[in-house]
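Below is one structure, written out as structure tokens; comments come after it.
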Amino acid sequence: MFEFLFKRQGGDKPAGAPGEQPGAAGQSAAAQPAAPGQSASRDGAAGSPSPRERQAEQLKHLDGDEEAAVAFILSSEFSELRLAAAELVHSRPQLERVHAAMRNLDRRVAKLMQSRLDAIRHHEAELRRGREALAHARSLLDDELLTPNHVAELDREWAVIKAPELAPEFDAIRAELGKRLEDQVQLQRAMIDRLAALRQLESAGLDPEAFAQRLASLQEEQAAALVAQGHASLPRTLVAEFATEHARLGASLATLAQDPAALAAREAALGQWQAQPATELKAEALRKEWNRLPALPASAPGAELQRRFEALLATLPQEAPKAKQEHRQAAPEAQPKAPKAQNRGADQHFLDRLDAMEAALQQGSLGTAAELDKSLKESKDKGMRLTQAQADRLAHVRAELKRLSDWARWGGNVSREELIKSVEALPTQNLAMSELAKKVGSMRERWKALDNLSGAAPRSLWERFDAACTAAYAPAAAHFRHLADERHANAARAQALVEEAQDEIKRLQDGSADWKHVSGTVQRLRTAWSHLGAIDRKDKKRLDGLFSEALNTLQRPLEAQRKGEMAVREQLIGEALALDPHDRHAVNALRGLQQRWQEHARALPLERKAEQALWQRFRAACDALFAQKKEHAHALDAERRSHEAAKEALCARLEAAAPDATPASAGKLLREAAAEWHAIGPVPRAHEARIEKRYHAAIAAVQHHADVARRAAGMALAGAVRDKLRLIQALEAALVNPDAHTNPADWHARWEALLPLEGGYETILRGRFDAALAALDKGREAYARQLEANREQLLHELLRLEIAAGIDSGAEFARERLKLQVEVLQSSLKSGQKPGTQAAGLRELLGLPALADARTETRIEQLLLRHAKDGR
């Protein structure tokens, strides 16, 4: 019906195609009174070159001139010459000019222009994306804090961009970014090593001078790192820990010089006591002397001296209790002095940690300060007694720690609330999936930073934040999973294409392959491979290599076979040119050649360009013979005009019968019209669209009037059903009312006064009416109970039918309607929406004897009207 959409006008319409039936090319050419081939024959007979030859000669002298090629395309009437000239057009303005002119005239030229315009637009888009990537790279180069994930994202962005013009500039910037990352890594590693060296400095056993020199050297290295180019990449926690540790070691440096003297004094005293006899030594006196000496340093030598002293005391004889009592009575003034000897305050190690804690609080390192406070508590729990000044200082430092911790906790919770709000707002910002993933990751990093700065968050805040992050990241996670699935699916399709090519190779090697099938397989595989989407890099190179190897293996014997086919086609062209147009058997011979051509074309299609070139030559030879069929073309035109008149008459009859169409007559009328329409032959192509449009409009008018009559009949039937239903409902209401006096004859007369029903309703309603009439004389109370008992079933079935029909049941039935919707949906899915299901339910509802109030009666009437409008 729609063949006219694919016909070409003038020179674009070929006289035949490689897939037409034998003789079709000649008939088509003969049917056109002014075909280019005929004018060529006339011009050739007159001795002057034909228009095609003149334009072909003009095409040869274009010499790559784009302006002349465009002018030639716009003026030429031969499609193959326009296509050859279109190869010379490359600039965008000229491409757009030719495309606009050839869009509705020459599909091949327009397609070529469109493909080149698409290539230009794609290249411009790639350049635009490349410039954006360069701008991004320059911004990263100027950014003070450069992170590896930013550079990795830049690499992923550039990997999908095809812009060779911008590649050198990008490579230079990327090299600078790589150097900055390496420098930052070296700076961070040096920072970690420096902090480790600082922590090991105390236990290195250096003398005070070497200790001070090493401490100053590490401080100089740290100062140089803090002013280096990539200092912003240094972790703040490590910087703060280095400052705290350096302050602590600097404070302990003053006491480090006193430690050798203290060790020497205690070593001399211990050696003197060990040289004396044990009977001359008193343990209590030795303890007093030992405590009067300078304080021991908190180091391994100090611990060793303390152990040796305790061993010496263990070797001394124990004093008798009486002697100890006499000693206490003899020297009562010495008793209060013992605590003073023991309460000498904290040791230097305790004071150093206290100084470090103060320095950490001044720098805002609450985590370090809390760790130092914990170690101070452990030292105090071991029995260390502080002086009043030390205790006041410790209390002041702990109060400051508590105050800063409270402020940090309050500020951290406020910041966390703001962070949660920001995360909850992410789904509404319509961000790209990659940007959304970065946002969520940065939000989680900020949360961790808040934990380090202000302590752990409350569990409720963490749960809210984690839920918000999970919900915000869900689209990105689904998107990335979808992309991964697509890549895996593309790899699977690519593997299937490779396996298909390898199977075709096996069939080709076995000798069971068909060359046409091989050619089609090669073309289809190449097209399918070009349409594959993204594939993982680990699979891309392997699959490309396998596919190229398989395709080349198929292509080599196929090309050899095509060369032989081209030789056969050249022979057919020579035979066609050698035919005598005056021979009466020339047409039959030419049709035989055309049939042989079609057989060879079906057996093995050639490359498109070669096929078209050979076909054009063979077609030109055919046109020379079929030009003499002009008289036959006139006869065909007359026949088509008679067909057009017959179809016009048929359309007129349909238009005249449309207003009187009924559902009964419309079907027969349309079937007869369709049979007559298809029996009529083709009409002139210029009028084909118009007559088809008129025919379909006449059919639509007949169908419309039939539908209107069908709906009117349905509405009339609904009204008659409603009247009889109201009569039955009135009779049932009278049965329930004991004071109502009813006469069966009156009710029967009222029933007979109503119109009979169609569609099975008469039998259903008549049975219900007869049952009610029978109850008037006998079983009135039992029937009334039945009516009352069926009320709930009536409402239930009515609600189910309303749900199925899409009718609102009212607010009072909303709860029950919601319960039934799932049941109705399940039943409709099981039944598959079979026709007549709702109509059967309506008949069952009408046949159910039950009492109904005014609201229920109204709902039943609405259901009847809906079924009548739907034509059920």
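Listed by first and then second residue, the pairs with beta-carbon distance under 8 Å, at least 6 apart or on different chains, first residue in the stretch 380-396 and part of a helix (DSSP H, G or I), second of a type outside the set (D, E, K, R) and modelled with pLDDT under 75, are Lys380/Leu386; Gln390/Gly345; Gln390/Ala346; Leu394/Leu386. Looking only at residues that are closer than 28 Å to Glu607 by Cβ, exposed (fewer than 12 other Cβ atoms within 10 Å of the Cβ) and not hydroxyl-bearing (Ser, Thr, Tyr) in the stretch 519-550, which one is modelled with the lowest pLDDT? If we take residues in the stretch 519-550 being closer than 28 Å to Glu607 by Cβ, exposed (fewer than 12 other Cβ atoms within 10 Å of the Cβ) and not hydroxyl-bearing (Ser, Thr, Tyr), then Gly545 is modelled with the lowest pLDDT.
When you go through Glu570, Glu599 one by one, which is the residue that is surrounded by fewer than 14 Cβ atoms within 10 Å (Cβ to Cβ), at pLDDT below 80 and not aliphatic (A, V, I, L, M)?
Glu599
Per the conditions (1) under 18 Å from Lys609 (Cα atoms); (2) free of Cβ contacts under 8 Å to residues at least 24 places away in the same chain; (3) over 37 Å from the mean Cα position of the chain (by Cα), the sole criterion not satisfied by Glu53 is (1).
Pairs meeting the criteria (first residue in the stretch 675-687 and more than 11 Å from Lys647 (Cβ to Cβ), second residue among the β-branched types (Val, Ile, Thr) and surrounded by 13 or more Cβ atoms within 10 Å (Cβ to Cβ), beta carbons under 6 Å, at least 6 apart or on different chains) are lacking. Residues of the stretch 772-788 that are in a helix (DSSP H, G or I) and loosely packed, with under 13 Cβ neighbours inside 10 Å: Asp777, Glu781, Ala782, Arg785, Glu788.
Checking the stated criteria, Ala720 turns out not to satisfy the condition of being small (Gly, Ala, Ser), out of contact with any Gly (no Cβ under 9 Å at 6 or more places or on another chain), part of a helix (DSSP H, G or I) and loosely packed, with under 14 Cβ neighbours inside 10 Å. Looking only at residues of the stretch 801-812 that are part of a helix (DSSP H, G or I) and touching a helix residue (DSSP H, G or I) at 6+ places or on another chain (Cβ under 6 Å), we find that the one that is surrounded by the most Cβ atoms within 10 Å (Cβ to Cβ) is Leu801.
Taking (1) outside the structural domain of Glu565 (by TED's automatic domain parsing); (2) surrounded by fewer than 15 Cβ atoms within 10 Å (Cβ to Cβ); (3) at pLDDT 75 or above in turn, Ala664 satisfies each apart from (3).
Conditions tested, residue by residue: (1) without any contact (Cβ under 8 Å) to a residue 12 or more places away in the chain; (2) over 30 Å from Arg542 (Cα atoms); (3) small (Gly, Ala, Ser); (4) surrounded by 13 or more Cβ atoms within 10 Å (Cβ to Cβ).
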{"site": "Ser422", "(1), (2), (3), (4)": "no, yes, yes, yes"}
{"site": "Ala478", "(1), (2), (3), (4)": "yes, no, yes, no"}
{"site": "Asp485", "(1), (2), (3), (4)": "yes, no, no, no"}
{"site": "Ala496", "(1), (2), (3), (4)": "yes, no, yes, no"}
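When Ala228 is tested against (1) surrounded by 15 or more Cβ atoms within 10 Å (Cβ to Cβ); (2) in a helix (DSSP H, G or I); (3) modelled with pLDDT of 80 or more, just one condition goes unmet, and that condition is (2).
Of all residues in the stretch 140-149, none satisfies being touching a residue at least 40 places away in the same chain (Cβ under 8 Å) and within 22 Å of Glu124 (Cβ to Cβ).
Evaluate the following for Leu296: is it at pLDDT 60 or above and in a helix (DSSP H, G or I)? No, not satisfied. Taking every residue in the stretch 93-111 that is in contact (Cβ under 8 Å) with a residue 40 or more places away in the chain and pairing it with any residue that is part of a helix (DSSP H, G or I) and surrounded by 16 or more Cβ atoms within 10 Å (Cβ to Cβ), at least 6 positions away or on another chain, the pairs with Cβ-Cβ distances below 8 Å are Leu105/Asp12; Asp106/Asp12; Asp106/Ser79; Asp106/Arg82; Asp106/Leu83; Arg107/Asp12. Criterion applied to Ala621, Ala610 was being farther than 21 Å from Gly520 by Cα and assigned to a helix (DSSP H, G or I), and the one residue passing it is Ala621.
Check whether at least one residue in the stretch 498-509 is among the small types (Gly, Ala, Ser), within 25 Å of Lys609 (Cα to Cα) and buried (at least 16 other Cβ atoms within 10 Å of the Cβ), and report yes or no. There is at least one residue in the stretch 498-509 that is among the small types (Gly, Ala, Ser), within 25 Å of Lys609 (Cα to Cα) and buried (at least 16 other Cβ atoms within 10 Å of the Cβ). Every condition in (1) surrounded by 15 or more Cβ atoms within 10 Å (Cβ to Cβ); (2) outside any loop (DSSP other than H, G, I, E, B); (3) touching a residue at least 40 places away in the same chain (Cβ under 8 Å) is met by Leu669 except one, and the failing one is (3).
Out of Gln348, Gln388, one residue alone is at pLDDT below 75, under 30 Å from Leu293 (Cβ atoms) and surrounded by 15 or more Cβ atoms within 10 Å (Cβ to Cβ). It is Gln348. Within the stretch 494-530, being of a type in the set (Ser, Thr, Tyr) and either in a helix (DSSP H, G or I) or closer than 17 Å to Ser548 by Cβ (or both) holds for Ser519, Thr521, Thr527, Ser530. Please verify whether the stretch 677-697 includes one or more residues that are modelled with pLDDT of 75 or more, out of contact with any Leu (no Cβ under 6 Å at 6 or more places or on another chain), within 30 Å of Glu861 (Cβ to Cβ) and not in a loop (DSSP other than H, G, I, E, B). Checked against the condition, which is being modelled with pLDDT of 75 or more, out of contact with any Leu (no Cβ under 6 Å at 6 or more places or on another chain), within 30 Å of Glu861 (Cβ to Cβ) and not in a loop (DSSP other than H, G, I, E, B), the stretch 677-697 yields no hits at all. Applying the selection to the stretch 572-586, what residues are assigned to a helix (DSSP H, G or I) and more than 23 Å from Asp514 (Cα to Cα)? Result: Ile573, Gly574, Glu575, Ala576, Leu577, Ala578, Ala586.
Does the stretch 196-204 contain at least one residue that is over 30 Å from Arg248 (Cβ atoms), surrounded by 12 or more Cβ atoms within 10 Å (Cβ to Cβ) and modelled with pLDDT under 85? No, because not a single residue in the stretch 196-204 is over 30 Å from Arg248 (Cβ atoms), surrounded by 12 or more Cβ atoms within 10 Å (Cβ to Cβ) and modelled with pLDDT under 85.
With a cut-off of at least 1 residues that are on the phi < 0 side of the Ramachandran plot and within 32 Å of the chain's Cα centre (by Cα), name the helices (runs of 4 or more DSSP H) lying wholly within the stretch 86-189.
Because the criterion is at least 1 residues that are on the phi < 0 side of the Ramachandran plot and within 32 Å of the chain's Cα centre (by Cα), the helices (runs of 4 or more DSSP H) in the stretch 86-189 that meet it are 107-142, 148-159.
The values are calculated or read from the model by the stated rules, or taken from the named source; none is laboratory data. Computed from a predicted model, the values in this text were never measured in an experiment. Virtual Cβ from ideal backbone geometry, glycine too; neighbours counted across all protein chains shown.
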